[in-house]
Amino acid sequence: MSAYPIENNAMSTVKTQKIVKESPTVKSFFFKDRLCAKGKPGQFMMVWLPGFDEIPMSISSTLPSGLTSITVANVGEATRLMHQKRKGDTIGIRGPFGNSFQTVKGEVLLVGGGTGIAPLFFVATRLLEQKADMTFLLGAKTKEELLFLSQIEEALSRTGNTIAASTEDGSYGHKGVVTELAENALKRGKFDMVYACGKELMLLKVFMLAEKHRTPSQASLERLIRCAIGLCGSCTIGKYRVCIDGPVFTNEQLREVRDEFGRCRRDSDGRKIPV
Ligand SMILES: Cc1cc2nc3c(=O)[nH]c(=O)nc-3n(C[C@H](O)[C@H](O)[C@H](O)COP(=O)(O)OP(=O)(O)OC[C@H]3O[C@@H](n4cnc5c(N)ncnc54)[C@H](O)[C@@H]3O)c2cc1C
């Protein structure tokens, strides 16, 4: 468990400086904040939309210009409001919070689904700087929902690394789900680390495949996060609190919470519900 400097938990307001439509349902928002600019891949921040809600969002990039981005899927009330924001509009932020993906040297496999591709692309840039040999697998329902496809293709082909994609409708790459690509990759090659981010049932499948092939793995989990500082207990999984012990968990930690991982989470009343 890590303690945060208290300033990470102070609310500040920032103006959106750039907004990029990444897909029909996903937009990236860029803003300037001194603390978030030091955010690491896997860390998240809380975004406050006054009068509506405060929601967790992974940091999807930190740029040399000092800009930080989040990449937001429009799934409900708060994210719909976020999608209505225009350049120059104000949002409240706290953070960054949580741990981060730990980079390793050697052969790495990245498996990302949906908006989970965003934080994985962030860790991929760090791994490429460390000259890791990388296979990046990304999956989505359709080609237009494969986030950052051209940027990832460009970054990986430049460094001689491998990228493969799957779509459920077959509009690009393998027709099916990204875990099928992961299964083939783990059968064929030997990896020093598997990194995964996406829906929890996908993460469970990737975890089980990595365990089968005796490969260490790290996965970023989502739970209901409210306080983000370990007080409220909304985000517990077994003995861990996702907001301060995660959101990134190792395969050893995930083994300890196997009865909840991929099975249940807590709703806003604290009841356990299926993931
Ligand atoms: C650490 C962390 C990082 C995240 N990073 C991103 C990101 O980078 N990009 C992104 O688009 N989203 C991310 N999310 C998810 C995001 O916080 C939720 O989609 C958002 O809170 C939904 O708010 P809403 O009011 O729009 O939707 P709601 O109206 O609250 O919910 C819409 C639907 O989404 C479901 N839902 C909402 N939150 C969650 C959750 N945490 N887990 C499972 N189901 C949920 C609800 O049950 C409902 O079916 C992250 C979540 C966590 C915990």
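The values are calculated or read from the model by the stated rules, or taken from the named source; none is laboratory data. What you see is a predicted model, and the numbers here were worked out from it, not measured in a lab. Cβ coordinates were reconstructed from backbone atoms using ideal geometry, including for glycine residues, and neighbour counts include every protein chain displayed. Keep in mind that these areas ignore ligands, DNA and RNA; they rest on the heavy atoms of the full protein, side chains included. Shrake-Rupley method; radii C 1.70, N 1.55, O 1.52, S 1.80 Å.
In segment 164-187, the qualifying residues are those that are among the acidic types (Asp, Glu) and within 21 Å of the chain's Cα centre (by Cα), and the one that is farthest from Lys212 (Cα to Cα) is Glu168. When restricted to residues that are within 10 Å of the ligand (Cβ to nearest atom) and under 17 Å from Ile225 (Cβ atoms), segment 72-94 contains 8. If you go through segment 164-189 and keep only what is open to solvent by less than 50 Å² (accessible area, probe 1.4 Å) and of a type in the set (A, V, I, L, M, F, W, C), you end up with Ala164, Ala165, Val178, Leu181, Ala182, Ala185, Leu186.
Within 11 Å of the ligand (Cβ to nearest atom) and either open to solvent by 10 Å² or more (accessible area, probe 1.4 Å) or hydroxyl-bearing (Ser, Thr, Tyr) (or both): does that describe Leu204? Against the criterion (within 11 Å of the ligand (Cβ to nearest atom) and either open to solvent by 10 Å² or more (accessible area, probe 1.4 Å) or hydroxyl-bearing (Ser, Thr, Tyr) (or both)), Leu204 does not qualify. With respect to (1) of a type in the set (Gly, Ala, Ser); (2) outside any loop (DSSP other than H, G, I, E, B); (3) within 29 Å of Gln102 (Cα to Cα), the lone exception for Ala78 is condition (3).
For segment 11-26, the tally of residues that are within 10 Å of the ligand (Cβ to nearest atom) and open to solvent by less than 40 Å² (accessible area, probe 1.4 Å) stands at 1.
Just one residue in the set Arg255, Arg241, Arg266 is farther than 19 Å from Gly116 by Cα and more than 16 Å from the ligand (Cβ to nearest atom); that residue is Arg255. For Ile70, the criteria (1) under 20 Å from Gly246 (Cβ atoms); (2) touching a Lys or Arg at 6+ places or on another chain (Cβ under 8 Å); (3) open to solvent by less than 20 Å² (accessible area, probe 1.4 Å); (4) not in a loop (DSSP other than H, G, I, E, B) hold in every case but one, which is (2).
Table: residues versus (1) surrounded by 21 or more Cβ atoms within 10 Å (Cβ to Cβ); (2) more than 20 Å from the chain's Cα centre (by Cα); (3) at pLDDT below 95; (4) basic (Lys, Arg).
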position: Thr215; (1), (2), (3), (4): no, yes, no, no
position: Leu224; (1), (2), (3), (4): no, no, no, no
position: Cys232; (1), (2), (3), (4): no, yes, yes, no
position: Cys243; (1), (2), (3), (4): yes, no, no, no
position: Leu254; (1), (2), (3), (4): yes, no, no, no
position: Asp259; (1), (2), (3), (4): no, yes, no, no
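Taking helices (runs of 4 or more DSSP H) as the structural unit, those lying wholly within segment 198-275 and holding at least 1 residues that are among the polar types (S, T, N, Q) correspond to 251-256. Selection within segment 43-71: residues that are under 17 Å from Val26 (Cα atoms) and among the β-branched types (Val, Ile, Thr). The member of this set that is nearest to the ligand (Cβ to nearest atom) is Ile55. Scanning segment 95-111 for residues that are open to solvent by 20 Å² or more (accessible area, probe 1.4 Å), away from the ligand (no atom under 16 Å from the Cβ) and within 25 Å of Lys38 (Cβ to Cβ) returns Gln102, Thr103, Val104, Lys105.
Could you list all residues from segment 139-162 that are within 15 Å of Leu109 (Cβ to Cβ) and either part of a helix (DSSP H, G or I) or of a type in the set (Gly, Ala, Ser) (or both)?
Gly139, Ile152, Leu156
Criterion applied to Phe122, Phe136 was being crowded, with 22+ Cβ neighbours inside 10 Å, touching a strand residue (DSSP E or B) at 6+ places or on another chain (Cβ under 8 Å) and part of a strand (DSSP E or B), and the one residue passing it is Phe136. Kindly indicate whether Ala228 is away from the ligand (no atom under 16 Å from the Cβ), of a type outside the set (Asp, Glu) and surrounded by 21 or more Cβ atoms within 10 Å (Cβ to Cβ). No: the conditions fail for Ala228. Being within 18 Å of the chain's Cα centre (by Cα) and among the small types (Gly, Ala, Ser) is true of Ser61.
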